[in-house]
Structure formats: structure tokens, C-alpha cells
1. What value in Å³ per residue do you get for the convex hull of the alpha-carbon atoms in the chain?
2. Sum -39500 (n - 2.57) across every DSSP H segment of at least 4 residues in the chain, then divide by the residue count to get the 222 nm mean residue ellipticity, nearest 500.
3. State the extension gain, in nm to one decimal, for the chain segment bounded by Glu114 and Ser144, taking 0.36 nm per residue of separation less the distance between their alpha-carbons.
4. Calculate the FRET efficiency for Ala65 and Ser39 from the Cβ-Cβ distance with a Förster distance of 45 Å, rounded to the nearest 0.05.
5. Give the calculated FRET efficiency between Glu157 and Glu16 to the nearest 0.05, with a Förster radius of 30 Å applied to their Cβ-Cβ distance.
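Derivation of every value follows stated rules applied to the coordinates shown; laboratory data play no part. Quick caveat, the model's predicted, so the values are computed rather than measured. No Cβ is skipped: glycine too gets one built from the backbone with ideal geometry, and neighbour counts run over all protein chains shown.
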Amino acid sequence: MTQEQSNPQVYDAIKERGRAYLVVFRELSKRYGEAEAISVMRSASYEHGKSIGGTLACFAPRDFAGMAEGFAKAPDNGATFSPDIRQLNDTCLEVQMMTCPIKDAWMEAGCSDEEICTLLHCASALDEGTLDAAGFDYQIELWSPGKEGCCLTKITEKSQS
């Protein structure tokens with residue numbers, strides 16, 4: 001945990017999700033190879049995210065203040081992920097998550113930086129599914145060694161393509 005949490009029960013519950021991701025990923029990798037494990041984990045994460053995204057669709061196409069509250073500060077008004085809102089205006093929401101119990105679980109389990117990056121790639125599909133179902137475009141920059149916090153997400157209005 002990179003800073004003291006004001007909501008340790010929620011933090012610990014989400015951290016447990018990180019442990020589950022790790023166990024499932026490693027088991028899938030052993031049985032089917034890493035590429036298939038990544039594919040399955042991303043697909044499952046994306047589908048789960050779609051079920052969450054429906055609850056945020058009320059903020060589309062451009063209620064970025066609503067997305068700051070409903071997405072960036074979820075589940076507990078920012079206590080768990082410590083979102084740093086870098087940009088919030090009528091065209092986008094850009095947020096850097098400064099803490100991440102999921103990533104912390106992997107670090108505590110002794111995962112290498114490479115494995116953490118792979119697991120983040122798998123887990124980020126949850127946010128992708130969430131934001132797709134909510135009706136937004138987005139760019140997600142995943143954590144990599146040497147970067148602060150965890151992932152950086154920029155959410156914009158869905159393009160008309």
C-alpha cells in the first residue's frame with residue numbers, strides 16, 4: 001500500500017481481486033500458454049466491465065464531472081485509488097490513479113515488473129469494457145516501471161465514426 005488508506009476494508013477487498021487475477025492468470029498460463037491466458041483474462045475482464053459501464057451510461061456523451069464522481073472516484077470517493085484529476089472540462093476527464101490495491105497485491109506477491117505489466121494489460125480490459133458500455137472514447141496509459149501511481153486514463157466524447 002503506497003499510502004495509508006482511509007477505507008481499508010474496500011482496499012483489501014479490491015486487493016483480493018488482484019490476488020485472484022494472479023492465481024487465475026498463472027493457472028491459465030500453465031495450462032494453455034501465456035498468449036491464451038492473456039486473451040482469456042482480457043475477454044473476461046472486458047465482459048465484466050461492460051456490466052459496470054451500463055451504470056455510467058447516464059453520463060454520456062460529455063458529463064465528465066459525472067464521470068469523475070462515478071468512475072474516477074469509485075468506489076469510495078477516491079479513498080482507494082487516490083485519483084489525481086489532471087484535467088476536467090467540457091471535452092475530457094483525465095485521471096491518474098495514484099494508488100492501486102490490485103497492483104499492490106501483485107507487488108507483494110513478488111511479481112516481476114514484466115508480469116505486473118502483463119497483468120495490468122489483462123485487468124485494464126475491465127476499464128475498456130466499462131468505458132465502451134458507458135459510451136465514451138478513452139486512452140489508457142498503463143503503469144510501467146519508474147512511473148508514479150498506476151494507470152492514467154483520458155476519457156472523451158464518443159466519436160461519430
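1. 111 Å³
2. Computed mean residue ellipticity for the chain: -16000 deg cm²/dmol.
3. 9.9 nm
4. 0.80
5. Numbers: r = 35 Å, r/R0 = 1.16.
Efficiency computed from Cβ-Cβ geometry: 0.30.
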